[in-house]
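Following: one structure in structure tokens, then a few remarks.
The values are calculated or read from the model by the stated rules, or taken from the named source; none is laboratory data. As the structure is a computational prediction, the values presented were derived from the model and not from experiment. In this analysis, Cβ positions are derived from the backbone assuming ideal geometry, glycine residues included, and neighbour counts consider all displayed protein chains.
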Amino acid sequence: MTDCLSALPSSFSVSSGTATGRAAKSLASLLVRTLIGGLGSLFFMRSVSAQTPGTPVDLKTEHLVNPLGIDATTPRFSWRLQDPRRGARQTAWQIQVSTDSLEPGRGAGNSWQPARQASDQTLVTYSGKPLRPFTAYFWRVTAWDQDGKPHTSATARFETGLMHPKNWQGAWISDGADETIKPAPYFRKVFQTGKTIRSARAYVATGGLYELYLNGQKIGNHRLDPMYTRFDRRVLYVTYDVTKQFRTGANALGVLLGNGWYNHQSTAVWYFHKAPWRNRPTFCLDLRITYDDGSVETISSGTDWKTSLSPIRFNSIYTAERYDARLEQPGWNQVNFDDTKWTAAKIRSAPSANIVAQVMHPIRNVEAIPARSLTKLNDTTYVFDLGRNIAGVSQIRVQGPAGTTLRLKHAERLTKDGRADQSNIDMHYRPTDQSDPFQTDVITLSGRGEETFMPHFNYKGFQYVEVTSTQPVTLTQQSLTGYFMHSDVPATGQVNSANPALNKIWQATNNSYLSNLFGYPTDCPQREKNGWTGDAHIAVETGLYNFDGITIYEKWLADHRDEQQPNGVLPSIIPTGGWGYDWGNGPDWTSTIALIPWNVYLFYGDKKILIDNYDAIKRYVDHLEASSPNNLTSWGLGDWVPVKSKAPVELTSSIYYYTDTRILANIARLLNRTDDYTHYSSLAARIRQAINAKYLNQTAARYGSGLQTELSAPLHWGLVPDGLSAAVASQLAQRVEADQAHIDVGLLGTKTILNALSDNGHADLAYRVASQETFPSWGWWIANGATTLYENWPIDAKSDISLNHIMFGEVGAWMYKALGGIKPDPNAPGFKHILLKPNFVKTLDHFEATHQGPHGMIRSAWRRSGSGITYLVTVPPNSTATLFLTDGQAYADGRLLSPTTNAGVSGRQYRLVAGSYQFEIR
Ligand code: BGC
């Protein structure tokens with residue numbers, strides 16, 4: 001195929017000035033929409049700096065900006081070009097990595113400086129001198145543009161952490177209590193520094209959760225560090241720059257430990273209280289100080305630390321926190337505190353010898369949400385409403401007599417009489433007494449003026465907070481603030497359309513996605529907080545179109561490898577304390593092992609996740625092969641929470657088995673594993689044949705009894721024999737019309753129904769289904785006030801009724817794929833080549849999707865004008881796109897464009913190089 005540019009009339013070329021203006025304008029409009037949009041404060045803005053076109057920007061190491069404390073021996077570097085010019089691309093690159101700060105004009109790469117590479121790649125793996133632990137490295141890259149002109153980036157940095165467990169000096173310590181003891185422990189140590197400090201780093205590994213203080217100041221703004229792992233197989237450590245909090249002379253270190261998933265004291269049906277790793281929280285700390293004279297000193301955890309119980313009387317990641325302000329010890333984390341009553345810390349064994357850097361976007365209090373209203377029921381009972389459903393915590397400011405106890409009960413719904421109603425979310429909780437009420441913080445006031453409380457080691461799912469008090473207190477609407485917490489992944493996508501209901505569905509989907517991202521993807525933030533595999537693979541594309549999720553998924557796939565049995569089997573929830581190896585873990589759920597790496601690869605073009613998980617995927621598929629002699633499997637839960645009809649489990653599970661096998665064959669080909677490729681592609685063909693032999697009626701072009709999932713799953717996952725897709729799709733369209741253009745699917749069918757329609761010529765119908773506002777539909781929830789996605793279709797369902805589930809969230813990805821038409825190309829992943837397949841659905845006036853891919857912002861925006869469509873496209877620098885039009889022809893500046901001839905494919909195709917375009921489609 002030739003480039004579109006050569007096919008375009010010369011007058012079509014947009015001058016660089018226009019293109020720049022347009023890019024700037026679109027960025028400005030993005031900013032405005034972003035600020036007014038529901039996720040406004042979360043949107044990640046790229047700087048609109050006046051860089052020379054062609055400059056490499058957004059430099060990342062291990063997919064993070066200037067990370068501290070990485071363990072990778074061969075880190076990945078990536079950048080993109082800031083270049084709005086038509087046809088902008090990189091023709092060569094050269095990188096310099098050095099322990100010197102590489103000020104322009106100075107120093108070469110003393111660690112790595114490969115020769116100039118004639119290549120357009122913008123993701124490279126370090127292969128210089130062995131990296132040293134505890135070392136800052138600086139790097140910059142020079143990119144040569146299409147005219148052969150070099151442009152050098154600003155300098156980025158990264159810093160290695162311990163790199164190997166043997167580099168730890170500290171001892172693992174705890175307070176010596178056993179796992180049944182409720183209050184959270186404090187630890188402290190005072191030490192002296194004589195010399196001037198150049199820099200100081202704290203490295204903290206924890207079984208449980210921690211907060212670190214230096215001289216009374218809390219270090220950093222992360223919440224719930226470290227992220228949850230299977231603690232007996234892998235423990236994460238976190239690195240912080242603590243230089244600024246240091247003083248010359250005496251310094252005080254303070255650590256507060258929480259239970260998290262390490263010491264689960266609450267009792268629920270998943271038996272986390274019986275997890276094999278369970279123990280009293282423990283930590284290991286090295287504070288590494290580099291002095292101005294270059295000497296290094298390490299202050300470490302050990303028996304010279306002192307410990308005492310804190311005012312946090314109880315903390316459960318699952319339920320809530322109890323705090324007694326009367327037990328506060330002011331100054332506990334400062335130098336002059338009298339700790340003579342504290343006892344010596346005790347040595348403990350490490351939860352696991354495998355201590356690994358946490359290299360990912362952390363959890364934060366990302367958004368503060370003021371209470372939208374307050375209802376005072378009486379002197380001691382108030383109900384706050386945030387106006388939207390979130391995951392996170394509430395913070396209360398209150399004044400009252402010492403000993404007054406307040407209970408803050410968090411709920412997603414209200415009872416008829418306006419009280420917090422937890423009946424939709426507490427059914428799996430098995431409390432053994434009254435001391436651990438569900439999602440209810442209990443605080444006792446000290447009586448010392450206005451007091452503020454926010455839990456340290458817990459989060460909840462809620463919209464309402466009912467506050468009851470043992471004595472009358474005065475609360476106003478300003479007394480309580482909600483904090484939306486989640487893994488603070490930068491936003492990478494934006495959708496906007498002429499249909500407000502569709503826009504709200506998109507926002508609710510993102511709210512649920514983020515409410516379920518806490519260092520691992522969860523099903524719901526209230527009832528379970530479990531890493532349910534099925535929910536996560538259904539939502540992975542929605543996640544990746546909207547957020548920069550690679551670091552979270554890479555970590556979660558490491559959790560998968562920790563959990564995988566020698567025979568390849570995975571549990572249905574990951575991580576797990578042991579539950580889930582015998583229920584719910586068929587291929588329809590645990591295909592995460594193949595689907596997540598594959599999708600991350602498609603979105604980022606980074607093979608590492610494929611390489612890291614190759615053996616695990618293979619063991620998984622081998623297990624399925626060994627246990628499926630007829631090439632079919634009935635292992636699985638099937639189309640979970642269906643509207644009414646349920647497809648046969650054997651059909652849906654076998655389709656996932658087929659999909660995993662196909663993905664494995666693809667990866668084998670990419671990684672040059674020829675024998676594996678041959679084996680797994682022929683296995684995939686046999687599975688497909690077995691499914692079609694049993695379920696496909698060729699003459700009727702129908703699978704099974706012709707339910708929506710039965711027809712859409714084979715279409716979406718590529719099982720339909722060549723030449724039969726249109727006929728099966730038309731059966732599906734008839735089925736959907738017969739269902740009044742409403743869904744009749746469960747979890748697995750939500751992944752396929754809209755895509756199968758829109759990918760096979762029925763986009764208008766898909767849009768009707770996606771934008772319904774009557775039962776059953778996503779819009780039905782929105783019409784009933786939802787701000788997050790629900791777990792069940794009827795508003796008044798009696799079971800499966802969490803109001804913040806991501807599992808039906810594929811609709812968010814579908815908007816990008818079907819309406820915007822933005823799709824990654826498996827042959828040039830990471831949006832190196834973009835497939836643009838927009839559907840200008842007739843009942844929508846305009847639609848716009850943008851996605852920040854590895855090469856920059858992709859934009860697909862269309863609007864009806866007169867009898868045609870005005871269509872704006874941005875193809876980021878260093879990438880190309882193919883625009884597929886099924887209807888109409890493209891004009892630019894009034895001239896008809898000649899499409900690329902591509903025999904055998906219906907519709908027209910236009911090859912686009914980087915740049916911004918305006919087409920008229922008639
Ligand atoms: C979870 C779901 C999950 C399902 C599996 C439920 O309790 O909330 O989202 O996938 O169980 O059966």
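For this structure, a couple of remarks:
- Consider segment 363-383 and keep the residues that are surrounded by fewer than 19 Cβ atoms within 10 Å (Cβ to Cβ) and part of a loop (DSSP other than H, G, I, E, B). The one that is nearest to the chain's Cα centre (by Cα) is R372.
- Just one of (1) of a type in the set (D, E, K, R); (2) within 16 Å of the ligand (Cβ to nearest atom); (3) part of a loop (DSSP other than H, G, I, E, B) fails for D588. It is (3).
- Scanning segment 395-425 for residues that are in contact with an Asp or Glu (Cβ under 7 Å, 6 or more places away or on another chain), touching a residue at least 12 places away in the same chain (Cβ under 8 Å) and in a loop (DSSP other than H, G, I, E, B) yields Q399, R419, N424, I425.
- Those residues of segment 791-807 which are within 11 Å of the ligand (Cβ to nearest atom) and either at positive phi or out of contact with any Asp or Glu (no Cβ under 8 Å at 6 or more places or on another chain) (or both), in sequence order: S799, D800
- Within segment 836-889, the set of residues being assigned to a loop (DSSP other than H, G, I, E, B) and among the β-branched types (V, I, T) comprises V841, T843, T886.
- Restricted to segment 454-478, and to residues there that are in contact with a Leu (Cβ under 8 Å, 6 or more places away or on another chain) and among the hydrophobic types (A, V, I, L, M, F, W, C), the residue that is nearest to N511 (Cα to Cα) is F462.
- Some residue of segment 514-536 being closer than 30 Å to D845 by Cβ, more than 11 Å from the ligand (Cβ to nearest atom) and more than 10 Å from the chain's Cα centre (by Cα): no
- For I425: the one exception among (1) within 29 Å of the chain's Cα centre (by Cα); (2) among the aliphatic types (A, V, I, L, M); (3) exposed (fewer than 15 other Cβ atoms within 10 Å of the Cβ): (3)
- Taking the criterion of being more than 30 Å from T678 (Cα to Cα), charged (D, E, K, R) and either within 14 Å of the ligand (Cβ to nearest atom) or in a helix (DSSP H, G or I) (or both), the only residue of segment 641-667 that qualifies is K646.
- Tally, over segment 558-571, of residues that are touching a helix residue (DSSP H, G or I) at 6+ places or on another chain (Cβ under 7 Å), surrounded by fewer than 24 Cβ atoms within 10 Å (Cβ to Cβ) and part of a loop (DSSP other than H, G, I, E, B): 4
- Among the residues of segment 721-728, none qualifies, meaning not one is in contact with a Gly (Cβ under 9 Å, 6 or more places away or on another chain) and within 28 Å of E791 (Cα to Cα).
- Annotation: of all residues in segment 503-515 being crowded, with 23+ Cβ neighbours inside 10 Å and touching a helix residue (DSSP H, G or I) at 6+ places or on another chain (Cβ under 9 Å), the one that is farthest from R223 (Cα to Cα) is I505.
- Boolean, V745 is of a type in the set (V, I, T) and either in contact with a strand residue (DSSP E or B) (Cβ under 8 Å, 6 or more places away or on another chain) or in a helix (DSSP H, G or I) (or both): no
- Candidate set: segment 891-922, residues that are modelled with pLDDT of 95 or more and hydrophobic (A, V, I, L, M, F, W, C); chosen: the one farthest from the chain's Cα centre (by Cα): I921
- Within segment 674-688, the set of residues being under 12 Å from K618 (Cα atoms) and either surrounded by fewer than 22 Cβ atoms within 10 Å (Cβ to Cβ) or modelled with pLDDT under 95 (or both) comprises D676, Y677, H679.
- On the stretch given as segment 692-739, residues that are among the hydroxyl-bearing types (S, T, Y) and assigned to a helix (DSSP H, G or I) total 5.
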